[in-house]
1. When only residues in the range 197-227 that are of a type in the set (A, V, I, L, M, F, W, C) and open to solvent by 10 Å² or more (accessible area, probe 1.4 Å) count, which is nearest to the chain's Cα centre (by Cα)?
2. Just to verify a result, which residue in the range 210-269, among those that are of a type in the set (Gly, Ala, Ser) and in contact with a strand residue (DSSP E or B) (Cβ under 7 Å, 6 or more places away or on another chain), is nearest to residue 116 (Cα to Cα)?
3. If you go through the range 251-265 one residue at a time, how many are in contact with a Pro (Cβ under 8 Å, 6 or more places away or on another chain) and in contact (Cβ under 8 Å) with a residue 40 or more places away in the chain?
4. I'm told residue 32 meets every condition in (1) among the hydrophobic types (A, V, I, L, M, F, W, C); (2) surrounded by 16 or more Cβ atoms within 10 Å (Cβ to Cβ); (3) modelled with pLDDT of 95 or more except one. Can you identify the failing condition by its number?
5. Give me a count of the residues in the range 134-149 that are crowded, with 20+ Cβ neighbours inside 10 Å and modelled with pLDDT under 95.
6. Mind checking which residues of the range 114-155 are in contact with a Pro (Cβ under 9 Å, 6 or more places away or on another chain) and closer than 21 Å to residue 247 by Cα?
7. Residues being part of a strand (DSSP E or B) and over 14 Å from residue 235 (Cβ atoms): count how many of those fall in the range 146-173.
8. Do any helices (runs of 4 or more DSSP H) entirely within the range 1-112 hold 3 or more residues that are more than 21 Å from residue 216 (Cα to Cα) and not assigned by TED's automatic domain parsing to the domain that holds residue 235, and if so, which?
Amino acid sequence: MIPSNENELTHAVLDRLTGASDPRFVQVMSSLIQHLHAFVREVDLTPDEWMKSIQFLTAVGQTCDDKRQEFILLSDTLGVSMMVVMLQQARAAMGGGEQAAATESNELATQATVQGPFYWEGAPEHALGANIAEGVVGEPTYYSGRITNTAGQPLAGALLDIWSGDGDGFYDMQIAGASMAARGRIRTDHEGRYRFWSIRPTFYPVPVDGPVGRMLDGMGRHPNRPGHIHMMVSAARHVPLTTHLFVAGSPYLDSDAVFGVRPSLIVDFQPHPAGSAPDGSTVATPFWSAQYDFVLEPSAA
Ligand SMILES: [Fe+2]
């Protein structure tokens with residue numbers, strides 16, 4: 001078919017999918033083509049605007065390297081990452097409904113949020129109770145809690161893969177040549193308990209020196225995220241969880257640049273004077289403590 005107008009053009013492009021063999025790929029591409037064409041028609045995109053869009057996406061790709069992920073930042077700031085997280089959790093909750101009834105479970109799994117662009121695989125594994133932010137700028141904070149499943153069973157040997165920025169709001173990956181800092185993996189004890197020291201994270205701007213920063217500026221948006229610490233929580237035979245704990249009272253909780261805040265993940269950080277810490281150690285400076293229990297969904301057998 002040789003299309004003679006813009007509506008026939010959409011059909012012509014869709015018709016070219018007849019040779020594809022993966023039905024899910026066909027579904028995704030058909031929808032993408034239709035929405036993309038509808039978008040171009042709706043805004044009546046001019047050739048100049050089209051070229052600017054191509055240059056923008058090219059710049060997003062060129063800004064990426066092994067430490068900088070501008071495409072994740074684009075996805076995050078447009079709310080796409082959080083949309084995928086929310087859909088996945090809704091899907092898991094529907095699947096877990098039968099499981100919940102079967103185990104007489106009454107606990108909800110901890111809510112997920114975005115992974116963000118600063119995950120660095122292979123953080124060192126530390127002993128329970130260790131300081132994962134030795135030498136990092138920031139106010140010392142003692143984190144503790146339990147990891148259980150939705151049936152209330154403690155998960156021994158569950159893994160917490162933790163990362164955050166420093167007390168000034170910078171991630172190690174943003175500092176040229178820096179090695180891993182304020183990152184670590186901790187495993188729960190036989191009662192599913194975890195504890196570790198790190199710093200109290202502060203709010204920070206997402207990187208604004210690239211095309212996504214210029215996009216946010218054009219939208220009249222601020223680039224800030226409220227203070228948070230990231231974690232991936234995993235245990236055998238359970239659905240892994242990627243989430244954050246947010247610092248209660250932090251600026252930007254109600255206007256996170258990546259839409260990642262969920263009220264159930266906001267935690268009160270308790271201030272303490274210098275002296276005895278909950279783990280029996282002595283701290284020379286004032287410090288904070290934060291307590292949070294994680295709940296994982298059992299995975300399908
Ligand atoms: Fe972050």
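1. In this case the residue turns out to be 203.
2. Taking the range 210-269 as the starting set, the residues that turn out to be of a type in the set (Gly, Ala, Ser) are 210, 213, 218, 220, 227, 234-236, 248-250, 255, 257, 260, 264.
Still in the list and also in contact with a strand residue (DSSP E or B) (Cβ under 7 Å, 6 or more places away or on another chain): 227, 234-235, 248, 257, 260.
Details: 227: 13, 234: 18, 235: 22, 248: 20, 257: 11, 260: 9 Å.
That would be 260.
3. Our first condition is that a residue be in contact with a Pro (Cβ under 8 Å, 6 or more places away or on another chain); within the range 251-265, this holds for 251-253, 256-257, 261.
Filter once more, keeping what is in contact (Cβ under 8 Å) with a residue 40 or more places away in the chain: 251-252, 257, 261.
Total satisfying the criteria: 4.
4. Every condition holds for residue 32 apart from (2).
5. The initial filter retains those residues of the range 134-149 that are crowded, with 20+ Cβ neighbours inside 10 Å, namely 136, 140-143, 147-149.
When the remaining residues are screened for being modelled with pLDDT under 95, the result is 136.
Total meeting the criteria: 1.
6. Result: 117, 131, 132, 133, 138, 139, 140, 141, 142, 144, 146, 147.
7. Taking the range 146-173 and keeping what is part of a strand (DSSP E or B), we get 146-149, 154, 159-163.
With the extra rule that they be over 14 Å from residue 235 (Cβ atoms), the set shrinks to 162-163.
Total satisfying the criteria: 2.
8. Details: elements: 6-15, 23-43, 47-63, 70-77, 80-102.
Those helices (runs of 4 or more DSSP H) span 6-15, 23-43.
The values are calculated or read from the model by the stated rules, or taken from the named source; none is laboratory data. Predicted model only: the values in this text are computed from it and were never measured. In this analysis, Cβ positions are derived from the backbone assuming ideal geometry, glycine residues included, and neighbour counts consider all displayed protein chains. Note: accessible area is taken over every heavy atom of the protein model, side chains too, but ligands, DNA and RNA are not part of it. Shrake-Rupley method; radii C 1.70, N 1.55, O 1.52, S 1.80 Å.
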